[in-house]
Amino acid sequence: MDRTKISRPVGLLAELTYRCPLHCPYCSNPLNLASYTNELTLDEWVRVFSEARDLGVLQLHLSGGEPLQRRDIRELVAQARALGLYTNLITSALPLTPAMAEQLKQAGLDHVQISFQAAEPHTADALAGTPSFQKKKAIARTVKELGFPLTLNVVLHRRNIDQIEAILELAEELSADRLELANTQYYGWALRNRAALLPTREQLHRAETVVRAARERLAENLQIIYVIPDYYSHYPKPCTGGWASQQLVVAPNGDVLPCSAAAQIPSLPIENVRQHQLTWIWEESVMFNSFRGVDWMPEPCRNCSRQGIDFGGCRCQAFQLTGDAAATDPVCHLSPQHALIEDAVRLANEENVIEPELVYRSRKLTSAVSYARGDEVNI
């Protein structure tokens, strides 16, 4: 590919650690969490931030796991601010105290995004695998009192989408500036739990009706982002605006990826910031160049009028469902393997379907599942 045509990334998702106090069964972190314990040091992360800025990055999203599990989080924020990067903290909020929030404000943090699992305590705590709902509400109020812009993020699925009205009310109650209603994307832990999480058509129809009305009513006060589940779409979602075109991800151990799920594709060699600079990885690596542009596309994508709109769909989803990362995303109705999606949707909409138990993002699976059932356990 002509390197002069390679765009520059706008955003860097820095996954500072995969340690997390929550056990969400739709987590986007890898299934092999133990492979990422050799985390980058403070100095290594600061070098990454500097190289990202030189590459063109403007927005730094500090994520995980739970980024606040890093004891040097204040220093990381301060160094990013000194480099002129806009910083967004993506957090479960459980470790966030008012004192820590004040320190992060002084360090230059620009924005806070807090995840909520549902709109009421029992469901939210069960999905998180630990009591968390009331703490999240309390710290969200503190965040607003400190003057931070606040985003609430709620991953929607079969177990919570019927609370959509209450979720919107929660966002109003907490004076959120932005609400992300993101239907689950099925890879990683979410794919493992797909049969328990995929909503029905009726649930989606009700939710979309509620969201449309709320957008009209709250247009001046709350920005509502609603991401539809692509299993119910005619065409697939674009792969982060096109593979390796707008953003990059750095994992806790320094692995560099076009998106959080790309490490699962075994045919793509993963480069690491401990061996190469970000610019080289972005411009020269096999991983980042494999699916740029359209030359790699098979039929029916190669001659499709939408090739520059959805870019053949999600490469990670294509691999997980078909075993071939270069295949047309089966979500597309034109895909030769679209029946894989049709079968999953049909099962989700069967009457009297028996929902399997959730597999939680945790080594304490027995405790987490027991908590979800309402048993008294110590997690």
For segment 143-159, give me each residue that is polar (S, T, N, Q) and touching a Phe, Trp or Tyr at 6+ places or on another chain (Cβ under 9 Å). ASN153
Among the numbered conditions (1) touching a strand residue (DSSP E or B) at 6+ places or on another chain (Cβ under 7 Å); (2) open to solvent by 10 Å² or more (accessible area, probe 1.4 Å); (3) touching a residue at least 12 places away in the same chain (Cβ under 8 Å), tell me where ARG215 comes up short. (3)
Which one of these does ALA124 not meet: (1) out of contact with any Asp or Glu (no Cβ under 9 Å at 6 or more places or on another chain); (2) of a type outside the set (Asp, Glu); (3) open to solvent by 10 Å² or more (accessible area, probe 1.4 Å)? (3)
Report, by residue number, each residue of segment 25-41 that is under 18 Å from HIS61 (Cβ atoms) and either modelled with pLDDT of 95 or more or acidic (Asp, Glu) (or both). GLU39, LEU40
All but one of (1) farther than 30 Å from VAL294 by Cβ; (2) touching an Asp or Glu at 6+ places or on another chain (Cβ under 8 Å) hold for ARG217; which doesn't? (2)
Given (1) at pLDDT 95 or above; (2) out of contact with any Leu (no Cβ under 6 Å at 6 or more places or on another chain); (3) surrounded by fewer than 19 Cβ atoms within 10 Å (Cβ to Cβ), index of the condition ILE164 fails: (3)
Among (1) within 30 Å of GLU284 (Cβ to Cβ); (2) crowded, with 16+ Cβ neighbours inside 10 Å - the single one LEU156 does not satisfy: (1)
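Could you tell me whether SER50 is over 23 Å from the mean Cα position of the chain (by Cα) and open to solvent by less than 40 Å² (accessible area, probe 1.4 Å)?
Working: over 23 Å from the mean Cα position of the chain (by Cα): yes; open to solvent by less than 40 Å² (accessible area, probe 1.4 Å): yes.
Judged against the criteria, SER50 is a match.
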Do you know which residues across segment 253-277 are hydrophobic (A, V, I, L, M, F, W, C), closer than 15 Å to LEU12 by Cα, buried (at least 20 other Cβ atoms within 10 Å of the Cβ) and touching a Ser or Thr at 6+ places or on another chain (Cβ under 9 Å)? VAL256, ALA261
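TRP296 - would you say it is in a helix (DSSP H, G or I), open to solvent by 40 Å² or more (accessible area, probe 1.4 Å) and not hydroxyl-bearing (Ser, Thr, Tyr)?
Spelling it out, it is not the case that TRP296 is in a helix (DSSP H, G or I), open to solvent by 40 Å² or more (accessible area, probe 1.4 Å) and not hydroxyl-bearing (Ser, Thr, Tyr).
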Against the definition (within 24 Å of LEU94 (Cβ to Cβ) and among the basic types (Lys, Arg)), how does ARG19 come out, yes or no? yes
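Residue by residue, here is whether (1) within 23 Å of the chain's Cα centre (by Cα); (2) part of a helix (DSSP H, G or I) holds:
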| residue | (1), (2) |
| --- | --- |
| ALA195 | yes, yes |
| PRO199 | yes, no |
| GLN203 | yes, yes |
| ALA207 | yes, yes |
| VAL210 | no, yes |
| ALA214 | no, yes |
| ASN221 | no, no |
| ILE225 | yes, no |
Taking the criterion of being open to solvent by 10 Å² or more (accessible area, probe 1.4 Å), basic (Lys, Arg) and either touching a strand residue (DSSP E or B) at 6+ places or on another chain (Cβ under 9 Å) or more than 23 Å from ALA171 (Cα to Cα) (or both), would at least one residue in segment 94-109 satisfy it? no
Residue pairs meeting the criteria (Cβ under 7 Å; at least 6 apart or on separate chains; first among the aromatic types (Phe, Trp, Tyr), in segment 44-65; second assigned to a helix (DSSP H, G or I) and buried (at least 17 other Cβ atoms within 10 Å of the Cβ)): TRP45/LEU76; PHE49/GLN79; PHE49/ALA80
Can you report the number of residues in segment 257-293 which are of a type in the set (Ser, Thr, Tyr) and within 15 Å of GLU51 (Cα to Cα)? 1
Scan segment 180-193 for residues that are open to solvent by less than 60 Å² (accessible area, probe 1.4 Å) and part of a helix (DSSP H, G or I) and report the count. 3
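The values are calculated or read from the model by the stated rules, or taken from the named source; none is laboratory data. No experiment lies behind these values; they were computed from the predicted model shown. Don't worry about glycine lacking a Cβ; one is built from the backbone with ideal geometry, like all the others, and counts go over all protein chains shown. Side chains included, ligands, DNA and RNA excluded: accessible areas come from the protein's heavy atoms. Shrake-Rupley method; radii C 1.70, N 1.55, O 1.52, S 1.80 Å.
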